[in-house]
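Only one structure is covered here, and it is reproduced in the block below.
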Ligand code: NDP
């Protein structure tokens, strides 16, 4: 698969180019080389996408759930058949190792299409008896939905938003991050190959201003954003102007708590998955690793040993398991945080620098003796930087874990299950893990509390965020009136 797409946008069932839009170069993060170019959507392109989505939604909603579900499930099958090529493209788009993308991106997108395809036929209402009268409810689509994606999971985000939206009978205009514009076009192409009516799922490229034009358009009924908290606040406010529904999947600074009775190797494995997968560019990462002081040095020694096993290199080589930052800009941001960590006196256990090779590689970095007030313990870094903090008591660690504006995820490692449930119950987070970290099956709700977001993706919960309930009161007798 060559990285250069057939055209920049996918509108009304076909690829559309408009070279009047500002060129967006696509840079391969592993080499720094330009591998493709797309053009930002002009106002005419945005209008075409919105108009076709608006028009197509009526036809799509009038089909039965079984018919809609069949198309989504067919798209899931095509994605799985093409998993290898789609994974190679995802690696070009993001720089993530092929070893990861083969199992985490198109496969996760296919899971979402299959799961919501399976649900589509069972989205029914209720019958509520009221003596001889009754109420029935109808689960209706919201209408035209806008999806806006971050750059870390371009295929997965396009599907996690598109699949539930489409299952409910909505149409979508999706804008990928301008850093990773390639993969969503493949999702659109596959959906249409599977039989999706033209216009139901459209992709337009561009930066924040294209996103903003989509969010503020009066035809749009719902906005689902994956991005940072500052962008989320802006988009939420803009959507509120039009009283639009929102789902906000935003950032985090999640706690991962390792008690003194934990299985050390499993806890180290969880910390590695929660900090270094996708080179740390995962919103739900457990970047504040609280380790009980009695096991801290054993934990750090084992962690350093295992981190030394990371294989950096050409991400298209399946033996490589650690890739670059998505962009030069992100690399600079992360290196800036590493310098802050050093300056604030955190103890560097490993990494802590850019890797001397082409591309935007940063060595997996672990800081120990991190304290709650340090910048690296407070702000989302979105890179391979783990902060290990010490603690002594359960009460203390719960309070410190919750002392953040974020609330996306949280994890606990302990052999004491009573404590595990008690602690998880006290943590302010939406997506939690016991003796594990960062699993995201489509069957489980995913999303945050506090500044980390609003609404849930995946699972039956997502249906609630892409549909609304109409209730109908039916009187069987005469109407009584005062006069
Ligand atoms: P940004 O918040 O910078 O951007 C997210 C998307 O919003 C991009 O497509 C961006 O366009 C677009 N955008 C920016 N400004 C506006 C605006 N005013 N109106 C509408 N759209 C706008 O995030 P990043 O792409 O840098 O992704 C990293 C962040 O995403 C991290 O903070 C991370 O925590 C979060 N994230 C959250 C996840 C979750 O599920 N909770 C999952 C993955 C990431 P463009 O960038 O093209 O200008």
Item to complete: Starting from the Kirkwood radius over alpha-carbon pairs of the chain, derive D by Stokes-Einstein at 37 °C in a medium of 0.692 mPa s and give it in µm² s⁻¹.
Response: 141 µm²/s
Worksheet entry | Degrees separating the helix 328-343 axis from the principal Cα axis of the chain, which is the longest one | 40 degrees
Discussion item. I'd like the orientation of helix 183-193 relative to the chain: the angle between its Cα long axis and the longest Cα principal axis, in ° from 0 to 90, rounded to 10.
Written reply: 30 degrees
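For the peptides 319-326, 211-218, 92-99, what is the packing order when you average, over each peptide's residues, the other Cβ atoms within 10 Å and list the highest mean first? Don't skip to the answer; put the middle values down first.
On the way: 319-326: 22.9, 211-218: 19.1, 92-99: 26.9.
Sorting 319-326, 211-218, 92-99 by mean packing, highest first, produces 92-99, 319-326, 211-218.
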Worksheet item: How far is it, in nm, from the label point at residue 266 to the one at residue 478 when both lie 7 Å from their Cα along the line to the Cβ?
Response: 7.1 nm
Fill in: Rounded FRET efficiency, nearest 0.05, which uses the C-beta distance separating residue 128 from residue 35 and R0 of 51 Å
0.35
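Take peptides 392-403, 144-155, 1-12 and line them up by average Cβ neighbours within 10 Å, highest first, as a rough protection proxy. Show your work: numbers first, answer last.
Details: 392-403: 15.3, 144-155: 26.7, 1-12: 19.2.
Most protected by this proxy first, the peptides run 144-155, 1-12, 392-403.
With the Cα gyration tensor of the stretch 1-141 in hand, convert its eigenvalues to equivalent ellipsoid semi-axes via √(5λ) and list them largest first in whole Å.
Working: eigenvalues 290, 99, 28 Å².
Those come to 38, 22, 12 Å.
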Practice prompt. Could you work out, for the stretch 322-390, what percent of all Cα-Cα pairs fall into each 5 Å distance bin, beginning at 0 Å and stopping at the bin that holds the largest distance?
Written response: 4, 19, 32, 23, 13, 7, 1, 0
Worksheet item: FRET efficiency for residue 394 and residue 1, Cβ-Cβ distance as r, R0 = 41 Å, nearest 0.05?
Response: 0.20
Worksheet item: Separation of the stretch 149-217 and the stretch 50-102 by C-alpha centroid, Å?
Response: 9 Å
Worksheet item: Does anything in the stretch 56-70 have its amide N under 18 Å from the 7 Å Cα→Cβ label point of residue 121, and if so which residues?
Response: 61-70
Worksheet item: Got the relative contact order for the stretch 363-483 handy, in percent, Cα pairs under 8 Å and 6 or more residues apart?
Response: 17 percent
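How high is the relative contact order of the stretch 304-356, given as a whole-number percent (alpha carbon pairs under 8 Å, six or more residues apart)?
Numbers: 28 pairs, mean separation 12.8, N = 53.
Worked out over the stretch 304-356, it gives 24 percent.
Once you have the Cα-Cα distance between residue 344 and residue 372, take 0.36 nm times their residue separation minus that, and quote the gain in nm to one decimal.
Working: separation 28, 0.36 × 28 = 10.08 nm, distance 1.15 nm.
Gain in length upon complete extension: 8.9 nm.
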Practice prompt. Compute the distance in nm between two label points, each set 7 Å from the Cα along the Cα-to-Cβ direction, one at residue 58 and one at residue 439.
Written response: 4.6 nm
Worksheet item: How far is helix 296-307 tilted off the main Cα axis of the chain, in degrees rounded to 10, range 0 to 90?
Response: 70 degrees
Worksheet item: By the gyration tensor of its Cα atoms, with a ≥ b ≥ c the square roots of the eigenvalues, what is the shape of the stretch 307-359: rounded for a/c under 1.5, prolate for a/b over b/c, or oblate?
Response: oblate
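Rank by packing, highest mean first: peptides 474-480, 198-204, with packing defined as the count of other Cβ atoms within 10 Å averaged across residues.
198-204, 474-480
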Worksheet item: Which value at 222 nm does the chain reach when only helices count, each DSSP H run of 4 or more adding -39,500 (n - 2.57), with the total divided by all residues and rounded to the nearest 500 deg cm²/dmol?
Response: -12000 deg cm²/dmol
Discussion item. Sort 421, 192 by Cβ crowding within 10 Å, fewest neighbours at the top.
Written reply: 421, 192
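Values quoted throughout were computed directly from the atomic coordinates according to the rules given, and no laboratory measurement underlies them. Fair warning: this is a prediction, and the values are worked out from it, not measured in the lab. Positions of Cβ are backbone-derived with ideal geometry, glycine not excepted, and every protein chain shown enters the neighbour counts.
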